[in-house]
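A short worksheet on the structure shown next.
A short reminder: the numbers here are calculations on the coordinates, not readings from a lab. Quick caveat, the model's predicted, so the values are computed rather than measured. Using ideal geometry, Cβ is built from the backbone for each residue, glycine included, and neighbour counts are taken over all protein chains shown.
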Amino acid sequence: MLPVVLTAALGLAPMAPGAPGVDEQYLPADKSGLLTSRTQESRVWATVQREGGLGEIFYPTIGGPSARALSFVVSDGRRVVAPSRVTTEQSDPDSLSFRQTLSGRGWRLVAAYTVDPQRSTVLVDLAFSGQGRLYAVYDPALGNSRGGDAGSTSGRSLVATDGGVSSAFAAWPPFSATSNGFAGVSDGRTDLRDGRMDWRYASAEPGNLVQTGAVAHRHTTLAIAFGDSAQGALASATQSLGRGFASVARSYAYGWKKYLQGLSATPRGLSGAEQRLYRTSAMILAASEDKINPGAYVAAPAAPWAFGTDDPSGPYHLVWSRDLYQIALALIAAGDRAGANRALDFLFGVQQKPDGSFPQNSQVDGTPVWGGLQLDEVALPIVLAYRLGRTDADTWSHVKRAADFLLSYEQAPATPQERWENQSGYSPNTIATEIAGLVCAASLARANGDEASAARYLVTADAWRARVKAWTVTSTGPYSAKPYFLRLTKDGNPNAGTTYNIGDSGPSNVDQRRVVDPSFLELVRLGVLPASDADIRNSLRVVDQQLGVRTPNGFFWHRASFDGFGEKLDGSQWEYNLPDDSLLTRGRAWPLLSGERGDYEIAAGNPRAARTRLADMARATGPGGMLPEQVWDQKPPPGRIPGTPTYSATPLVWSHAQYIRLAQNLAAGRVMDITAAVADRYLSRPDEK
């Protein structure tokens, strides 16, 4: 903290009033960019906010934010002049580098973002023109907690600390004025409502800290740096500013260009926009890996809807076995087998003892978080081990434990949770992964001389394949006179009118024959059933009719009938524990399902249709080339366009992974997800092997 004499000399009041301030949730999840260096020395990730500025900044892992936001305020001296337009672009197609232009009445601000590869510093290059004064407002959330940050002024910079994590907020040329305050009470945004920065608080005790700097020059570089101490963070900020934005940005971009050069060639036949999205997708996958815990790829660097109220942050910042499998297959397809192997090693590290299952999700350090069990998340690591050719004894020990768990689980192949998390039962998607997992386990067993285990696994896999339709295909449902797959059955009797509650504000007591889902396509994608299967083909017609969404940007699908996992009808956020039958929220359409449909169409011998799916996915991106979890359907809230990103998690790493896989599958002319061991056992058509 500054001495009282120096505080007075700078015109600073000693202590900000109003602790702890107002708790504000994390920012909307529709990010326009993600930045991180390729180096291990720099352990910071920054998200670009669609409405301008930066959103969450992660440090020291990608498992939780240490900053909530960096925003910009323009004043004409009497009031704040809000931007009327914000555009975001990826400033270099071969680097996760982003530039924003904010413009308002009589002013324009161009902000370019980069990360220092040598230290945990985010740099922002600001070019301000026109009339008015510019202020930068920094909202720390150190150590993945929004409420315990203490801040103070250090010279003309600002530092903050919460436990063992600190940050520094500095500028060159330096800020002309600084202040520490509490959100909604004594912070800069509250102060600037009259267009003037009147408050100069030297420090703020622990609370919902917000720090403000008055930008003195038209061209300024900001630094947000992190460290174990305030002094260390300030030193990093000073050193990064000393290097200069241009030098740091060149070094940062070089790291990403080198990474891309080490991958397989971008598939031929893509349009310019599709090529850019392919390279961006490859970088998003790599950027989602933690640097302290190799192989820990998170689901998304965002916290949509009510998940943004979680403190510490919620499930999208965790590692999920299923998402990690999807990411790892895309890494293989893109040419980063080392990354895929790290992912599998991480999964083996979190495998539960002694039973051999995998946690529903975990923190990036491997600590399990939610206590659910999803049998696809047990089976898919086995498939990944097979795909990577991991036949060594250590890998086999992990595979054997997982496969034995599938055999010993009393309710299998019924699962306590299927891939959309909120239902139990006989899921064709989960059963597909279990069959494939057991067949792959049998192959690895034989490679390790364990014929007895191989025989056990194959007997069960064959039995489950023989019965998968009996458990999940109805011939008495309302949508077709022909048989079709259901999302799941609660009792293994698809012709019974068994009912269940959909959840997420959806209806209750719904006949299971009325609930469909395109996830049954995993039976084709893994090689359990051929693409020509009559029930598969009829189910696609049912799904298209019931879940299909035609938009100006292409054709997409809802993930399941009556899905409520999405915004409310007016666009406001999804919330926890919504009551059944309230119909308050509506799940929108998922671009990754377009990618899965494209994979099916390749397997079915229709690459032209698959090519359309790839183009649809590319048109679903938001600003900065980020692929979302969901896009608006035919009933968007006012001002939103069908086929454009909702406020769901963006970028969703799984979406980018699916885009890469579809692009590579199109180039190869086959679906590489179809594993040879499974296809050789179950597919009769040579062109589907």
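Distance between the pseudo-spin-label points of residue 606 and residue 391 (7 Å out from Cα toward the beta carbon): 3.8 nm.
In sequence order, the range 432-449 has phi-based couplings of 4, 5, 5, 4, 4, x, 5, 5, 5, 4, 5, 4, 5, 4, 5, 5, 10, x Hz under the Karplus curve 6.51 cos²θ - 1.76 cosθ + 1.60, θ = phi - 60°, and Gly or Pro positions carry x.
Computed FRET efficiency, Cβ-Cβ of residue 534 and residue 668, R0 30 Å: what is it to the nearest 0.05? Before the final figure, lay out each step's value.
Details: r = 27 Å, r/R0 = 0.89.
Using R0 = 30 Å, I get an efficiency of 0.65.
Each part gets one Cα centre, and for the range 31-65 versus the range 167-217 those centres are 22 Å apart.
If a spin label sat at a point 7 angstrom from the Cα of residue 481 along the line to its beta carbon, the backbone N atoms of the range 500-539 nearer than 19 Å would be those of 534-539.
Tally Lys and Arg at +1 and Asp and Glu at -1 over the other residues with C-beta under 9 Å from the C-beta of residue 67: what net charge comes out? Here the count lands on -1.
Here the Debye sum runs over all C-alpha atoms of the range 4-258 as equal scatterers in vacuum, and log10 of I(q)/I(0) at q = 0.08, 0.10, 0.13, 0.14 Å⁻¹ comes out as -0.26, -0.42, -0.73, -0.86. Between the C-alpha center of the range 417-454 and that of the range 457-531 there is a gap of 17 Å. Of interest is the spacing of the C-alpha centroids, which for the range 293-320 and the range 90-157 amounts to 23 Å. A cut-off under 15 angstrom between Cβ atoms defines the neighbours of residue 27, and their net charge, with Lys, Arg +1 and Asp, Glu -1, is -3. Between residue 575 and residue 676, residue separation times 0.36 nm minus the direct Cα-Cα distance comes to 32.1 nm.
A Förster radius of 22 Å, combined with the Cβ-Cβ distance separating residue 271 from residue 250, puts the computed FRET efficiency at roughly 0.15. Along its first, second and third principal axes, ordered by size, the chain spans 82, 52, 46 Å in Cα coordinates.
Please give the residues of the range 563-591, grouped as numeric ranges, whose backbone N is less than 17 Å from a label point set 7 Å along the Cα-to-Cβ vector of residue 508. Correct set: 564, 577-585.
Using alpha carbons only, what's the Rg to Rh ratio of the range 127-278 with Rh from Kirkwood?
1.10
Highest mean first, how do 260-269, 163-172, 498-507, 134-143 rank when packing is the count of other Cβ atoms within 10 Å averaged over residues?
Details: 260-269: 12.9, 163-172: 23.2, 498-507: 19.7, 134-143: 25.2.
Ranked by mean Cβ neighbours within 10 Å, highest first: 134-143, 163-172, 498-507, 260-269.
Sorted on the mean count of surrounding Cβ atoms within 10 Å across their residues, most packed first, peptides 329-341, 540-552 read 329-341, 540-552. Between residue 129 and residue 466, residue separation times 0.36 nm minus the direct Cα-Cα distance comes to 114.4 nm. Report note on the peptides 581-587, 293-299, 349-355: ranked by the mean count of other C-beta atoms within 10 Å, highest first, their order is 293-299, 581-587, 349-355. By a straight-distance test (C-alpha under 22 Å), which lysines pair with residue 400 as possible cross-link partners, with residues fewer than eight away in the same chain excluded? Hits, sequence-local ones excluded: 353. In this calculation the C-beta distance from residue 257 to residue 353 is compared with R0 = 56 Å, giving a FRET efficiency of 0.85. Relative to the current alpha-carbon distance between residue 217 and residue 105, full extension at 0.36 nm per residue lengthens the span by 38.4 nm. In the chain, the DSSP-assigned H stretches of four residues or longer account for a calculated mean residue ellipticity at 222 nm of -10500 deg cm²/dmol, using -39500 (n - 2.57) per stretch and the full residue count as denominator.
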